[in-house]
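Just below is one structure, and these are the notes that go with it.
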Amino acid sequence: MARPNSGEELGRISGYRLTGVLGQGGQGTVYRAEDASGHEVAVKVLNDRMSDDAEERRRFFRQVDLARRVAPFCTARVLDMGMHDDRPYIVSEYVRGESLERAVRQDGPRAGGGLDRLAVATATALTAIHRAGVVHRDFKPANVILGPEGPVVIDFGISRVLDHVPTQSGALGTPGYVAPEQLSGDQAGPAADVFSWAATMVFAATGRRPFGGASVPSVIHALLYEEPDLTGVPEPLRSLVAACLDKRPERRPAADDLVRTLTGGGTRTLEVAEPAARVRVPLRAILAVVVAVAVGAAVVVWPRGEPRGGPEAARTGLATGTATGPVTGSGLAGSGVEIGRPLAGHANDVRAAAIGVLNGVPAALTGSDDETARVWDLRTSQPMGKPLIGHTEWVRGVVLDQLDGVPVALTASDDDTARVWDLGGGGGSRTLRGHTGDVKAIATGRIGGLHVAVTASADRTARVWDLRTGKPVGSPLTGHTAAVWAVAAGQVGGAPIAVTAGDDGTVRLWDLGTGKAIGEPMTGHTGWVRSVAMGTLEGRPVAVTGGEDMTVRVWDLTTRTQAGAPLAGHTGAVWSVAMTNLNGRAVAVSGSEDKTARTWDLATGKAMGAPFAKHSDAIWSVAAGLVDGRPVAVSGSRDQTARAWSLGSGS
């Protein structure tokens, strides 16, 4: 890293006093600075101006906020962000030291224990980055700083941030280290970072890139069509690097696989069955290995094709974890018992979940911050078909339904669109366009003989769509004064209605036939309301909502008043709710920031059984339904998995 220039003449950016220039490049200028307490920080000011578009700025800040969630293990923490003269800036921890690129060019390649420590530290950093839902997309020797406390990875998430800035320089990455899918314009996921990590390790071990060439076009040609030159890379690193440089991203190991292998965890669990079933190791376990904590552990890998619980579970049609309790005489585990294996395959938070039936098979549909939706067989806990790829931002809402007898999936995304996917074999999707902000939720219903979707958006509106044509029906539903996060659709007194909720803390009822609000907004929650579900309670139509105030609330849709006291018990914000019926008993399911899901008897206002506490992080989404006639719930989490669990017999 270049030695900073000193001097007060550089001025200030917000509350940061600039004391020197650390470097300049295509993305921007990096300054050394001091915060208000006198601590040294690095301030990166991007070259290109950002427009006055509020939505564009909001997306930029959201991407930087994701980077702030990265655990500070071998990474330079992102501390702050803002605008200066219409240019975005990002403040991060200042790490003294030379870049790996400069060090290798000056002092030669790394070797022995130094190379091993470099590989472990940078792979651990990559695991932390991916764990936070960030893809680096420009991992290279220049972005690895050899600091006084070890190697530190910088600039993670910056390339993704540049997607939201109208830049002239672009955010492609650096030739020689960029993955093939980035060059071909395909979606760059965590596997692209693994490729770049491997190319960086080759440079560290040999002083050259794995794909050589005298010009940028020749380097790109080698990267796309030739095998890497790994001469001089020692074993066992060489074999691992070769696997990471596979031109097919689905065949590369994940970052946590790298750490496990590099630290002596072995390679036998790198892939189980297919790449989509790859076993993930929790970050806390990886770090325990890195710091050499002497703890013995056993990992059980269930045989391929056999559900947990053995032949008995296979006969019942549901895979049941033996560690979660016995199966009752009816073949149904008690409430809160996990069913089958975690639905693991998403590369980011699972934000949305739905339950339905696909070709006679009980299925779950999940939507994720990895910008995909996936369909799962709830009998086997395995994916059904390929991921639904097309959205360019987080998938926030999902629905399983049928359109004219053909199974369809519906998805809502932060890319301002919703999509209708043909799951009946015809393939393809139809895009619903019209919102001017993130589409946070989606529901389906009917207006007479018209099959419709209803979407909720950050643009403060809900909209109704003809599912057959993809065209809007009537005018937007307006009245919310902040982002609309949740929507449910159904009927009250034979009339088609929708219920919405949002950041203004209100719950609103709409007549879908007229597009008009019904009565005044329903209030009671303190703070935002992010979820709503509809059902019946003792013959009355009701809505259930969850909010920032950590409560679940029930609303009588006939009188538009709160029914009973709030359901309290969660210790974090309630992000999602669902409703179902257990042998005539109205039941709500809620998922919370406190990492638990809970089941509630709405007639008594009491919790049913113990909380479901298998997730290792916040629960963003819950859904309720039937699997082979048995009541179940599915929960989606920040831990990148969805899980199915029994709701009991309901008797």
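A few comments on the model shown:
- Net charge contributed by nearby residues that have their C-beta within less than 11 Å of LYS140 (K/R +1, D/E -1): -2
- FRET efficiency for ARG12 and LEU224, using Cβ-Cβ distance with R0 set to 30 Å, rounded to 0.05: 0.10
- Sorted fewest first by neighbouring Cβ atoms within 10 angstrom, MET201, MET384, MET534 come out as MET384, MET534, MET201.
- Those lysines that a straight Cα-Cα span of less than 20 Å connects to LYS606, excepting residues fewer than 8 apart in one chain: LYS595
- Our coupling estimate for the range 11-18, obtained by passing each phi through the Karplus curve with A = 6.51, B = -1.76, C = 1.60 and θ = phi - 60°, is x, 10, 10, 6, x, 10, 8, 7 Hz, Gly and Pro reported as x.
- Other residues with beta-carbon under 14 Å from the beta-carbon of GLY539 carry, at +1 per Lys or Arg and -1 per Asp or Glu, a net charge of 0.
- Ranked by how many other beta carbons lie within 10 Å on average, peptides 554-563, 501-510 from highest: 501-510, 554-563
- Cα shape, the range 366-425, gyration tensor, a/c 1.5 rule: oblate
- With one equal scatterer per alpha carbon and no solvent term, the Debye-computed log10 I(q)/I(0) for the range 310-646 at 0.09, 0.13, 0.14 1/Å reads -0.42, -0.91, -1.07.
- Residue exposure sequence - LEU18, LEU403 - by fewest surrounding Cβ within 10 Å: LEU403, LEU18
- Per-peptide packing, taken as the mean over residues of other Cβ atoms within 10 Å, places 256-264, 564-572 in the sequence 256-264, 564-572 from highest down.
- Two-site label geometry, HIS84 and LEU450: point separation in nm, points 7 Å out along Cα→Cβ: 5.3
- Cβ-based exposure ranking for PHE203, PHE139, PHE612, in which fewest neighbours within 10 Å come first: PHE203, PHE612, PHE139
- Per-pair calculated FRET efficiency, R0 = 25 Å: ASP422 and LEU626 via Cβ, rounded to 0.05: 0.55
- Taking other residues whose beta carbon is less than 10 angstrom from the beta carbon of GLU593, and scoring Lys, Arg as +1 and Asp, Glu as -1, yields -1.
- For THR417, the residues whose amide H sits under 5 Å from its own are VAL439, ignoring neighbours fewer than 5 places away on the same chain, with H placed 1.01 Å from N.
- Set of lysines with alpha-carbon distance to LYS386 below 28 Å, sequence-local pairs under 8 removed: LYS247, LYS440, LYS471, LYS614
- Distance between the pseudo-spin-label points of ARG96 and ARG77 (7 Å out from Cα toward the beta carbon): 1.9 nm.
- Alpha carbon Rg of the range 548-651, scaled by the compact-globule rule 2.2 N^0.38 Å: 1.03
- Label point at ASN359 placed 7 Å out along Cα→Cβ; residues across the range 386-421 whose backbone nitrogen lies under 12 Å: 386, 407
- Extension gain (nm, one decimal) between ARG238 and THR436, 0.36 nm per residue minus Cα-Cα: 66.4 nm
No lab work stands behind these numbers, since they all come straight from the coordinates. Everything quoted here is computed from the prediction, not taken from an experiment. Note that each Cβ is placed from the backbone with ideal geometry, even for glycine, and that neighbours are counted across all protein chains shown.
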